[in-house]
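Step one of this worksheet: look at the structure below.
What follows is calculated from the coordinates using simple rules that are stated; it is not laboratory data. Quantities reported herein were computed from a predicted structural model and do not represent experimental measurements. Methodologically, a virtual Cβ is constructed for each residue, glycine included, from the backbone with ideal geometry; neighbour enumeration extends over all protein chains shown.
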Amino acid sequence: MRATKLHQQCSPPAGPSRGTPARRARHVTCLTAQETVQLSRTLDRPVYNHSAAGSSRIVVAEPGLCNNVVELQPPAATAWSPQPSNKRLRVAVDVDEVLGRFLHSLNQFALEEYGLDFDLADYHEYNFAKIWKTTQDESNTIVHQFFKSRHFAFGILPIPGALASLQRLGRECDLVVVTSRQHCIRQQTLHWIQQHFPQVFTDVQFGNHWALQGSSRKKSEICRDLGAHVLIDDNPIYAMECAEAGMQVLLYDWQLSYPWSKTADGGPRHARIQRVQDWLGVEAAVGSLLASPQQSDNLQ
């Protein structure tokens, strides 16, 4: 449920009127970031973490009724403590499997057109040639035919919760897209982002990996040039690359269902890599970074 969207549909009254339940907040002290995320999932509504003058509290928005629409009204503050500075955390976000369900749509296309029957659980690594047992050229051909299909144009659905979380994150962070997608699908990608995540990102950069033409760029290089402090990505190779370059990385493993995001030893293991399993987890992790004095000192 998107609190901001419902709020736009019915403005809150100046005060509680007769017959209308007053909006209230429930306060719970001393919750960790993980406990906050769990509380959000349990209540199925946003939980806001406030800090002030050395004390902290958790505020849970209670629903009120307005024109038969359930409204969740967040408090004026954002989901974490605002920084006493104009400097903002810059967060780079991957597209496939982080913003949208690319692989789900690709699997449907590959089955219909090539008889390749694979599920998400089959991808122990994000290398289509190895999983499909084809040559690299054959794999590239299948993927580029997918780019021309209705499955690519209309079938890639956004990851649940991504938009609402990004809208909240955007209050405190600068959000950019850093994707390994090829230049040949630049316009389609920009259209998809604008359709599903309007006015969320300030920049979109392409790595052009696995492309038939043109040179590629490492994600760590793109992030460095953008001045990004954090990367949200599902690929452990990119995660380790950027962590070793000094970035904080949130390894996105949706509902812990991405086999390719886990190395054989249960990794990747790095002090700057944190695994998250949904967008509420992303919010909690970014909130912790914003609250960190060390990270605040590093903002540029």
Original post:
Out of all the residues in region 109-129, which are over 21 Å from the mean Cα position of the chain (by Cα), loosely packed, with under 15 Cβ neighbours inside 10 Å and assigned to a helix (DSSP H, G or I)?
Top reply: 111, 112, 113, 122
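Among the residues of region 130-158 satisfying the criterion of being in a loop (DSSP other than H, G, I, E, B) and small (Gly, Ala, Ser), which is farthest from residue 252 (Cα to Cα)? So that I can check it myself, show each step before the final result.
Taking region 130-158 and keeping what is in a loop (DSSP other than H, G, I, E, B), we get 133-135, 148-149, 155-157.
Imposing the further condition that a residue be small (Gly, Ala, Ser) reduces the set to 149, 155.
Numbers: 149: 27, 155: 21 Å.
The residue in question is 149.
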Original post:
Which one of these is under 19 Å from residue 285 (Cα atoms) and either acidic (Asp, Glu) or out of contact with any Asp or Glu (no Cβ under 6 Å at 6 or more places or on another chain) (or both): 153, 164, 211?
Top reply: 164
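Is it the case that region 204-224 has a residue that's under 15 Å from the mean Cα position of the chain (by Cα) and within 16 Å of residue 93 (Cα to Cα)? Working first, answer last.
To start, the set of residues in region 204-224 that are under 15 Å from the mean Cα position of the chain (by Cα) comprises 204.
Of the ones still in play, those that are also within 16 Å of residue 93 (Cα to Cα) are 204.
Yes: one or more hits.
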**OP:** Might you check whether a residue that is closer than 19 Å to residue 175 by Cα, touching a Phe, Trp or Tyr at 6+ places or on another chain (Cβ under 9 Å) and of a type outside the set (D, E, K, R) occurs anywhere in region 252-271?
**Re:** yes
Original post:
Which condition number in (1) farther than 17 Å from residue 180 by Cβ; (2) assigned to a helix (DSSP H, G or I); (3) touching a residue at least 24 places away in the same chain (Cβ under 8 Å) is the one that residue 255 fails?
Top reply: (3)
Subject >> helices (runs of 4 or more DSSP H) completely within region 159-243 that count 1 or more residues being among the charged types (D, E, K, R) and buried (at least 20 other Cβ atoms within 10 Å of the Cβ) >> reply: 162-169, 219-226
**OP:** Quickly run through region 193-242 and pick out the residues that are without any contact (Cβ under 8 Å) to a residue 60 or more places away in the chain and among the hydroxyl-bearing types (Ser, Thr, Tyr).
**Re:** 202, 215, 216, 220
